[in-house]
Amino acid sequence: MKKILIVGAGGQIGSELVPFLRSIYGPESVVATDVRECKSLSEDGPFEVLDALNPTNMASVVARYHIVTIFNLVALLSAVGERNPQMAWGVNMGALMNALEVGRQHHCAVFTPSSIGAFGPTSPKDQTPQDTIMQPTTIYGICKYTGEMLSNYYHRKYGLDTRSIRFPGIISNKTLPGGGTTDYAVEIFYEAIRNGRYTCAVPSDVYMDMLYMPDALRAVVELMEADPAKLQHRNSFNIASMSFTPEILAAEVRRHIPTFEMEYDIDPVKEEISRSWPNSLDDSCARQEWGWSPKWGLEAMVEDMLATLRKKLQK
Ligand code: SER
């Protein structure tokens, strides 16, 4: 039986990854942790309050539960990171270093998400290759890029089984993302259902890659289950499923809610960040090395998001 530790489990990814992993490996096999109590995660499996910046506490949870795989999901996202870069570096790198070190000492595999934010304005914009120029200009991207290099380093130097995915904006309907540049692609659904209108902070014409949560969850499991001999990349993998602008997303929402209106109140920080990121990623290495293939596209995602949120918001 696999014993899995999720660090930072209360966030957008963790709140769905924990139940998904528990449904596959059994509730007792997945230990969820977060810096604060999370009732929804402690009801159907083990939960511990854990400050990811405390290596002693992380090591003690790993030893106590005989953990073999650590998922480190702790991160301040891109827009909020720009408001406090020093804190973003401290939290994002501190949690990752602890996960890698505890993983090294306790012989665990370590998964950590990277991001489209690891690329910067000098990277090729369209079909951005797996291996290319990476000069991120946000503190979030600098942390992600450094994290990729560290994951690679720990694999080469210590043989640590590090694996990672460069996530695009993740669209989900359980827990809101907090402080990212791609958050508009989640918020739009809540506002469309509640108020029939949304004010978008990202310019109407900026393309960014996005991914629906069910594909994100499946990607994580498929990568972690992949034959290690086939994995050439230990820094992080590009994956992709859809790329759109706010205007394209609004038009798709309007197919279901014809009166939906989108206004723009551009946040200069989000504008600069979004324009510095790729329009779309080339995910051929993920396809070749571990069989990645997306199932969700824009139309099906929008239909499912609206149906799920209408039930949740009782509208
Ligand atoms: N969703 C993240 C952000 O916008 C990107 O990985 O910060």
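The table for this structure:
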item: Percent of beta bridges antiparallel (DSSP, the chain, rounded to nearest 5); result: 10 percent
item: Alpha carbon Rg of the chain, scaled by the compact-globule rule 2.2 N^0.38 Å; result: 0.96
item: Relative contact order (percent, whole number), the range 187-315, Cα cutoff 8 Å, 6+ residue spacing; result: 43 percent
item: Folded to 0 to 90 degrees: helix 213-225 orientation relative to the chain principal axis, Cα; result: 30 degrees
item: Loop sites in the range 201-247: chymotrypsin sites (Phe, Trp or Tyr not before Pro), DSSP, at most 10 other Cβ within 10 Å; result: none
item: In degrees, nearest ten, helix 55-64 long axis to first principal axis of the chain (Cα); result: 70 degrees
item: Helix-derived mean residue ellipticity, 222 nm - over the chain, DSSP H n ≥ 4, -39500 (n - 2.57), to 500; result: -13500 deg cm²/dmol
item: Angle between the chain longest axis and helix 184-195 axis [Cα atoms, degrees, rounded to 10]; result: 50 degrees
item: In the range 19-85, the trypsin sites (Lys or Arg not before Pro) that fall in loop regions by DSSP, at most 14 other Cβ within 10 Å; result: Arg36
item: For the range 1-94: Kirkwood Rh in Å [reciprocal of mean 1/r, alpha carbons]; result: 13.5 Å
item: Whole-number percent relative contact order across the chain, with pairs defined as alpha carbons under 8 Å at least 6 apart; result: 18 percent
item: Pairs of Cα atoms farther than 20 Å apart, the range 178-264, %; result: 47 percent
item: Extension reserve of the Ile133-Arg275 stretch, reckoned as 0.36 nm per residue once the Cα distance is removed; result: 49.5 nm
item: Simple label model, 7 Å out from Cα along Cβ direction - His256 to His106, nm; result: 4.0 nm
item: Net charge over other residues, Cβ less than 12 angstrom from the Cβ of Ser164 (K, R count +1; D, E count -1); result: +2
item: 5 Å-binned pair-distance histogram of the range 1-42 (Cα, whole percent); result: 6, 27, 38, 20, 7, 1
item: D_trans [Stokes-Einstein, Kirkwood Rh over alpha-carbon pairs] for the range 56-197, 10 °C, 1.306 mPa s, µm² s⁻¹; result: 96 µm²/s
item: Phe47 - accessible surface, heavy atoms, 1.4 Å probe, Å² rounded to 10; result: 30 Å²
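The values are calculated or read from the model by the stated rules, or taken from the named source; none is laboratory data. Keep in mind it's a predicted model, so treat the numbers as computed, not measured. Note that we place each Cβ from the backbone using ideal geometry, even for glycine, and neighbour counts take in every protein chain shown. With ligands, DNA and RNA removed, areas are computed over all heavy atoms of the protein, side chains included. Shrake-Rupley method; radii C 1.70, N 1.55, O 1.52, S 1.80 Å.
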